[in-house]
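Here the structure is laid out as C-alpha cells; the discussion comes afterwards.
The values are calculated or read from the model by the stated rules, or taken from the named source; none is laboratory data. It should be emphasised that the depicted structure is a prediction, and the values quoted were computed from it without experimental measurement. Backbone-built Cβ (ideal geometry, glycine too); neighbour counts: all protein chains shown.
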Amino acid sequence: MTEKSVSKTIENTSIVESAQANNDVYVSVVIPVYNEEDCLESLYQRLIKVMDGLGKTYEILFTNDGSKDRTSEILRELYNRRPKQIRVIEFNGNFGQHMAIMAAFERVRGQVIVNMDADMQNPPEEIPKLLMAFEQGHDYVGSYRDGRDDSYFLRTVPSKFMNWLRSKATGTKISDQGCMFRAYSRRIVGLITQSYESSTFVTVLGYTFAMNPTEIPVVHQARLEGESKYDIYRLVRVTFDLFTGFSMAPLHIFTVFGFFVSAMSGLLVAYLLGRRLIIGPEAEGLVTLFSVLFFMVSVAITGIGIVGEYVGRIYQVVRRRPRFLIKEIIEDQSDIRKGPQS
Ligand code: UDP
Ligand code: MG
C-alpha cells in the first residue's frame, strides 16, 4: 500500500458530493459494518467468489461505522488483498447503519448499486438474482426475506406488524422494509444522497424515487457470527425514523383524537352542569375523575413526545451539521478518472 495510491482524507461531509460516474464499474456493493470482526473474512471469501463469477466489473465499498473491535484492521487487510475492487470508508464514530450506507452511496461509481449487510443473513450468492431483475428493466429491486431466520417473537412478529403499519401510514408497497438487501439504479442512489436527511430509512426513501420497482424473495439465514446490533431501544428509534421520515399519520391521528376527546368532554361538562343544577352537587366519583384525568394526561404527554420526535429531527436538519464524519477513505485512486473536485 503506497502512500500515493491511497487517499487519506479528513472531510467535512456537510457538502453532499456527487460520486464520480465511472463507466468502467458495473456493480457497486455497499456494506455497512459495525463490530463485525467475526463475519468479515467469510463475507469476503463468499462475496469475491460471487462477484468474480459474474464476469462484470465491480467494486465493494465497506463503511466502518465506528467499530470498536478489530473490524478496521481487517478491512485494511481486505483492501490490501484487492486494492482495485475494495474501498473502505472509516467513520469517526458510530453514526448508524443508514448513515453508513449514505456515505458509501455518495461515493459509488457503479451503474447498479447493491446494498447488503455484513453478517450474511442475506447470502451473497443471491446477488445475481437481484442483478437479473435489474437487467429486466427495474430500477429498484427490493427483496423480502424468504423463511426469515430470526427470533420469531422478538423480531419476526414485530417486524411484520411494523411493515403492515408502515404500508398503511406511508402508502409504500414494500413487503419487508427491514431487508436491506436491494439493488438500486444510479439515478435512485443519486436522489437518495441529495435528500439531505439526518435520520432516514434508505429502503423506503429509495422506493419513493423508483419508477419501475419490483420485489423478489431472497434466502434469509440466522446470523452465523457475532450478534445483532439492534436491541429493542435501537429498533424503536429506527421505527420512529421511519414514521417521522415518511408519514404525518402520527400527528394526524393525534389531532383527530384531540378533536374527538374535546367533543366528548364538552358533552360531559354539559351533562355534569345539568346534573348539578337539577340534582345538586356530587361528592363521590373521585376514582372515576382521577382515572379520566390520568388517562388524559398520559395521552397529552405521548402527544408532546410525538411532536418532539418531529421537532427534534427538524432541528437536526436545520442545524446543518455534518450527518457523519469521515476519518479516512482507503482506496486506490490510480485508475479513477479525475472529477471536478479532485
Ligand atoms: N450496522 C452499522 N451500524 C450500526 C448498526 C449496524 O453499520 O450502528 C450494520 C451491521 O454491521 C450490519 C448491518 O448494519 O452489517 C445490519 O445490522 P444487524 O445485522 O445487526 O441487524 P439485524 O440483521 O439484526 O436487523
Ligand atoms: Mg443482521
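Quick notes
- So E215, is it of a type in the set (D, E) and either away from ligand 2 (no atom under 15 Å from the Cβ) or touching a residue at least 60 places away in the same chain (Cβ under 8 Å) (or both): yes
- Only one of V292, V317, V236 that is modelled with pLDDT under 90, under 30 Å from D119 (Cβ atoms) and not in a loop (DSSP other than H, G, I, E, B): V236
- Within the set I253, I306, I329, the sole residue that is under 30 Å from N80 (Cβ atoms) and under 30 Å from the mean Cα position of the chain (by Cα) turns out to be I329.
- Selection status of S175, of a type in the set (S, T, N, Q), within 27 Å of D38 (Cα to Cα) and out of contact with any Lys or Arg (no Cβ under 8 Å at 6 or more places or on another chain): no
- Among residues of segment 257-273 that are within 21 Å of G285 (Cα to Cα) and at pLDDT 85 or above, none has a Cβ under 9 angstrom from a residue that is surrounded by 10 or more Cβ atoms within 10 Å (Cβ to Cβ) and among the hydroxyl-bearing types (S, T, Y) at a sequence gap of 6+ or on a separate chain.
- Residues that are more than 10 Å from ligand 1 (Cβ to nearest atom), buried (at least 16 other Cβ atoms within 10 Å of the Cβ) and hydrophobic (A, V, I, L, M, F, W, C), drawn from segment 113-159: I113, V114, I127, L130, L131, A133, F134, V141
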